[in-house]
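Enquirer: One structure coming up, written as structure tokens, with questions to follow.
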Amino acid sequence: MIAAADDLFTARGFHATSVDEIALEAGYTKGAVYSNFESKEDLFFAVYERRAKRVLAEYERAIREAGPIGGSERLVAQAAQRRGRDDGWLAVFFEFWAHVVRRPELRERFANIHARVQEPLVGAMERIVEERGISLPVEARQYTVAVYAMSVGLSLERLTQPEVVDVTLAPQMTRLMFENLARGEGTAQVGKGSR
């Protein structure tokens, strides 16, 4: 069921896919779907959880093998290489994100999965800061979320402006941020010298 839901959500979108279609694709009845999942949202969360587990394993392996900076850069580059092949998932991910924003009970569940995916990156940033004696203007978690958000935002922009945002831009910008961080740039207090 989860695999069928993943395929259909990715191909057609969250709202355009019905539970009936997922059941048919999976070879089950609609009742069988609802005996395992409370709602279509619950089924989407199962898809997201499965994808999150794969991404977490990938993040942890990259950071273990290449260190915090090299691993983070490798992950952004790998994500960029998947673009095009995974645009359907990216589109439904953004669609579902917008869907949960106005639903607090869903938003919290989405936020928990989202934050869990970022945990290895936060740990990598904490190691970088500690090993290099860098003083960040914000907490390591905030800095990591900002870098992650930039990458996700560039992915969204690439869907609508591929002539401006190609697959190499996010890795280049991430590398630039890490290089500036390694040189001690961008560590001034937030707000100072920015006006």
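Please treat every number below as a calculation from the coordinates, not as lab data. Computed from a predicted model, the values in this text were never measured in an experiment. FYI the Cβ positions are ideal-geometry reconstructions off the backbone, even for glycines, and counts take in every protein chain you see.
Enquirer: Which value in deg cm²/dmol, rounded to the nearest 500, describes the helix-derived mean residue ellipticity at 222 nm for the chain, given -39,500 (n - 2.57) per DSSP H run of n ≥ 4 and division by the residue count?
Expert: On the way: 8 runs with 148 residues, N = 195.
Mean residue ellipticity, 222 nm, calculated: -26000 deg cm²/dmol.
Enquirer: If I model a spin label at Trp97 and Gln78 as a point 7 Å from the Cα along the Cα→Cβ vector, what separation in nanometres do I get?
Expert: Between Trp97 and Gln78, the label points sit 2.0 nm apart.
Enquirer: If every alpha-carbon in region 14-117 counts as one equal scatterer, what log10 I(q)/I(0) does Debye give at q = 0.15, 0.20 1/Å?
Expert: -0.76, -1.12
Enquirer: Still on this structure, I have one more. How long are the semi-axes of the equivalent ellipsoid of the chain, taking √(5λ) for every eigenvalue λ of the Cα gyration tensor, in whole Å from largest down?
Expert: Working: eigenvalues 246, 59, 51 Å².
With the √(5λ) rule applied to the chain, the semi-axes are 35, 17, 16 Å.
Enquirer: Could you check which residue among Glu126, Glu38, Glu25 shows the biggest mean-square fluctuation in a GNM of the chain with a 10 Å Cα cutoff?
Expert: Comparing Glu126, Glu38, Glu25 in the GNM, the peak value goes to Glu38.
Enquirer: Using 7 Å Cα-to-Cβ label points, what is the Ala149/Arg132 separation (nm, one decimal)?
Expert: 2.1 nm
Enquirer: If each residue's Cβ is checked for other Cβ atoms within 10 Å, how do Val76, Val165 rank with the fewest at the top? It would help to have the intermediate numbers written out before the result.
Expert: Details: Val76 24, Val165 19.
Ordered from fewest to most neighbouring Cβ atoms within 10 Å, Val76, Val165 come out as Val165, Val76.
Enquirer: Using only alpha carbon pairs under 8 Å that are at least six residues apart, calculate the relative contact order of the chain and give it in whole percent. Can you show the working numbers first?
Expert: Working: 160 pairs, mean separation 42.6, N = 195.
The normalised contact order for the chain reaches 22 percent.
Enquirer: Which of Phe94, Phe44, Phe14 ends up with the largest GNM mean-square fluctuation for the chain, with Cα atoms connected below 10 Å?
Expert: Highest fluctuation among the options: Phe94.
Enquirer: Shifting gears a bit: Considering the zone a paramagnetic label at Ala115 would reach in this model (a point 7 Å from Cα along the Cα-to-Cβ line), which residues of region 14-56 have amide N under 11 Å from it?
Expert: Label zone hits: none.
Enquirer: Starting with the fewest neighbours, write out Asp87, Asp6 ranked by other beta-carbon atoms found within 10 Å of each beta-carbon. The partial results should precede the final answer.
Expert: On the way: Asp87 14, Asp6 21.
The most exposed by this proxy come first: Asp87, Asp6.
Enquirer: Taking the number of other C-beta atoms within 10 Å as the exposure measure, put Leu106, Leu8 in order starting with the fewest.
Expert: Numbers: Leu106 18, Leu8 22.
Exposure proxy ranking, most exposed first: Leu106, Leu8.
Enquirer: What is the calculated FRET efficiency for Asp87 to Glu179, with r their C-beta to C-beta distance and R₀ = 30 Å, to the nearest 0.05?
Expert: Details: r = 29 Å, r/R0 = 0.96.
For Asp87 and Glu179, the calculated efficiency is 0.55.
Enquirer: Using alpha-carbon pairs under 8 Å, 6+ residues apart, how would you state the relative contact order of region 9-118 in percent? Please report the intermediate quantities before stating the final value.
Expert: Details: 56 pairs, mean separation 37.8, N = 110.
Over region 9-118, the number comes to 34 percent.
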